[in-house]
C-alpha cells in the first residue's frame, strides 16, 4: 500500500523498462525488459476476463479487451497500484482483435505506461463466451 505521505505511490521507485541491444526492436508499444526495484512487492493477478463488474459479458472482442484491462486496473488499485507499476501483461484471445484497437485501449487506460507484453491466441478459455483473458504482474513499493 502507498505510504501516508505518498498516497498514490508516485514518489516510490517505479519499475524501469529497457530495450537492450542485440535483439530486434519490439513489434509494438512495449519494451523487452522490465527491471523491478529492490524491495518491491510483487503483485501477480489471476487472468482477468472481459466481464463487466456486474458479471455481464459484451458481444465484441474489442469490448472484452477493454473490460479485461479495466478489471486489471481495479485489482491493482485495491493495492494502491496503477498502470506505472505493471511490469508484465499477457493477453490471450480466442478471436482476432485489431492491434490498433488494442493500442488505443492501452493508451486510454494505461496512459504512458508500456509494460512488457505478450499477446497470443488460444482455441478457447474457461467458458465458451470468453474472448479475452489478461494476466498481469506489477511491482509496488515494499
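The values are calculated or read from the model by the stated rules, or taken from the named source; none is laboratory data. Just so we're clear, the structure is a prediction, and the values are computed from it rather than from any experiment. With ideal geometry, Cβ positions are generated from the backbone for all residues, glycine too; neighbour counts draw on all protein chains shown.
What to note about this one:
- Filtered residues of the stretch 39-60 (kept if over 14 Å from residue 94 (Cβ atoms), surrounded by fewer than 17 Cβ atoms within 10 Å (Cβ to Cβ), over 12 Å from the mean Cα position of the chain (by Cα) and touching a residue at least 60 places away in the same chain (Cβ under 8 Å)): 39, 41, 42
- Scanning the stretch 104-136 for residues that are in contact (Cβ under 8 Å) with a residue 12 or more places away in the chain, surrounded by fewer than 19 Cβ atoms within 10 Å (Cβ to Cβ) and under 11 Å from residue 65 (Cβ atoms) yields 109, 119.
- Those residues of the stretch 72-98 which are more than 12 Å from residue 137 (Cα to Cα) and in contact (Cβ under 8 Å) with a residue 60 or more places away in the chain, in sequence order: 79, 80
- Among the residues of the stretch 89-122, those identified as in contact with a strand residue (DSSP E or B) (Cβ under 8 Å, 6 or more places away or on another chain), farther than 15 Å from residue 133 by Cβ and assigned to a loop (DSSP other than H, G, I, E, B) are 96, 113, 114, 115.
- Considering the stretch 62-79, and only residues there that are surrounded by fewer than 18 Cβ atoms within 10 Å (Cβ to Cβ) and touching a strand residue (DSSP E or B) at 6+ places or on another chain (Cβ under 8 Å), the residue that is modelled with the highest pLDDT turns out to be 75.
- Within the stretch 42-56, not a single residue is in contact with a helix residue (DSSP H, G or I) (Cβ under 9 Å, 6 or more places away or on another chain) and within 23 Å of residue 20 (Cβ to Cβ).
- Yes/no for residue 29 being outside any strand (DSSP E or B), in contact with a helix residue (DSSP H, G or I) (Cβ under 9 Å, 6 or more places away or on another chain) and modelled with pLDDT of 95 or more: no
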